[in-house]
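Participant: Sharing a structure below in structure tokens format, with a few things to ask.
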Amino acid sequence: MRFLSAAVSTLLVIVYAAGSGIWVSTGDSWYRELARPAWQPPDVVFGLIWPYNFAVLIAAGIAVAVTGTAAQRWLWLSTLAVSIVGALAWARLFYIDHNLWAAAACLLIATLATVPALVVAWRSQTWAGILLVPYLAWLAIATSLAAGYAARN
């Protein structure tokens, strides 16, 4: 079961990376026309943070799979899945459907679902939880940016 948990967790992150990459890249010209929140980081930050985020999600998932209890593995997978669904729904709603408030709500769900995932990772392997802190912070920032875009556009 540990191997299966690690494999499912890794597969979820791969789907997350691929899905978000596809949807985000399709709405680039529309996105460039939007009024931006003042606190948006420079574009280079996005290029740096996302590979880190995907790598630490995979590492934390493997850590939970290897050292976590069955209940921790289940909680990790379920909250990771909810977080990823929320994040992918954000990408779809924001870049494809241009439904900015619904997109922001989905990102809030992704952020909130990441909190128990971080706690589980921390309890399984402290280093894994520590690595996820920037990911959770990034989701919180992204949620505020999504709401900022919705309020301005």
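The values are calculated or read from the model by the stated rules, or taken from the named source; none is laboratory data. Keep in mind that what you see is a predicted model, and the values were worked out from it rather than measured. All Cβ positions, even for glycine, are placed from backbone atoms using ideal geometry, and neighbour counts span all protein chains on display.
Participant: Check Ala147, Ala110 and return the single one that is in a helix (DSSP H, G or I) and buried (at least 19 other Cβ atoms within 10 Å of the Cβ).
Facilitator: Sole residue among the options that is in a helix (DSSP H, G or I) and buried (at least 19 other Cβ atoms within 10 Å of the Cβ): Ala110.
Table: residues versus (1) of a type in the set (S, T, N, Q); (2) within 19 Å of Val15 (Cβ to Cβ); (3) in contact with a strand residue (DSSP E or B) (Cβ under 6 Å, 6 or more places away or on another chain).
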residue	(1), (2), (3)
Val66	no, no, no
Gln72	yes, no, no
Leu88	no, yes, no
Leu93	no, yes, no
Leu107	no, yes, no
Ala117	no, yes, no
Thr126	yes, no, no
Leu131	no, no, no
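Participant: Val24 passes all but one of (1) under 17 Å from Leu139 (Cα atoms); (2) at pLDDT 95 or above; (3) β-branched (Val, Ile, Thr); which number fails?
Facilitator: Condition not satisfied by Val24: (2).
Participant: Tell me, which helices (runs of 4 or more DSSP H) wholly within region 25-101 include 2 or more residues that are more than 23 Å from Gly129 (Cβ to Cβ) and more than 12 Å from the chain's Cα centre (by Cα)?
Facilitator: Hits in region 25-101: 28-32, 43-67.
Participant: Another one. Looking at Thr67, is it β-branched (Val, Ile, Thr) and surrounded by fewer than 19 Cβ atoms within 10 Å (Cβ to Cβ)?
Facilitator: So Thr67 passes the test.
Participant: Being more than 15 Å from Phe54 (Cα to Cα), among the charged types (D, E, K, R) and free of Cβ contacts under 8 Å to residues at least 60 places away in the same chain narrows it down to one residue among Arg92, Arg152, Arg123; which is it?
Facilitator: Result: Arg123 is the single residue among Arg92, Arg152, Arg123 that is more than 15 Å from Phe54 (Cα to Cα), among the charged types (D, E, K, R) and free of Cβ contacts under 8 Å to residues at least 60 places away in the same chain.
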